[in-house]
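Here's the structure, in structure tokens; my notes come after.
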Amino acid sequence: MAGLTHFDERGAAHMVDVSDKDVTARVAVAEGHIRMAPQTFDLIAEGRAKKGDVLSVARLAGIMGAKKTPDLIPLCHPLPVTRVAVDLTLDPDLPGIRIEGTVKTTGQTGVEMEALTAVSVAALTVYDMAKAVDRAMEIGGIRVVLKDGGKSGRYEAT
């Protein structure tokens, strides 16, 4: 299991020991999207969804999801998250919604999983709120686009 930090020398899963790592400012940004039928896009864009303001609810759900990441991903460390921002942008070219999640902390490990969770939960919330009219919506493109801080330094997706 060389190179995979969540496995010990016997191949058993374990939580990585970060106690010897330096406390540094860390940030991660993730992105994703949800594609939908043009009629569903119009419904959301015009604020006519029966369950309410889809974008506002999804934004709050993404923020809450980031804060709950260690409860959802078994080997994630609970972190003192200092900022979570979730931006949802209507994109008629998809048609659908582009989602970006930014998470910051000052700690001993990064917040990539929190940013990915924020985007995923926001997308799932959009699906939940609009599934009555469009069960064929598609969630995709979820990835880390920026990670900075810590020993490994900066990563930017190309």
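The values are calculated or read from the model by the stated rules, or taken from the named source; none is laboratory data. These figures come from a predicted structure and were not determined experimentally. No Cβ is skipped: glycine too gets one built from the backbone with ideal geometry, and neighbour counts run over all protein chains shown. Accessible surface is based on the protein model in full, side chains and every heavy atom, while ligands, DNA and RNA are left aside. Shrake-Rupley method; radii C 1.70, N 1.55, O 1.52, S 1.80 Å.
Numerical summary
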| read-out | value |
| --- | --- |
| Set 9, 46: member being open to solvent by 80 Å² or more (accessible area, probe 1.4 Å) and within 23 Å of residue 128 (Cβ to Cβ) | 46 |
| Residue satisfying condition, being among the basic types (Lys, Arg), farther than 26 Å from residue 42 by Cα and surrounded by fewer than 20 Cβ atoms within 10 Å (Cβ to Cβ), within set 131, 147, 151 | 151 |
| Number of the condition not met by residue 21 [criteria: (1) modelled with pLDDT under 95; (2) open to solvent by less than 20 Å² (accessible area, probe 1.4 Å)] | (2) |
| Matching residues, region 118-158, being among the β-branched types (Val, Ile, Thr) and assigned to a loop (DSSP other than H, G, I, E, B) | 133, 158 |
| Long-range neighbours under 8 Å by Cβ, at least six apart or interchain, first residue closer than 11 Å to residue 97 by Cβ and of a type in the set (Phe, Trp, Tyr) within region 118-136, second open to solvent by less than 20 Å² (accessible area, probe 1.4 Å) and modelled with pLDDT of 95 or more | 127/34; 127/137 |
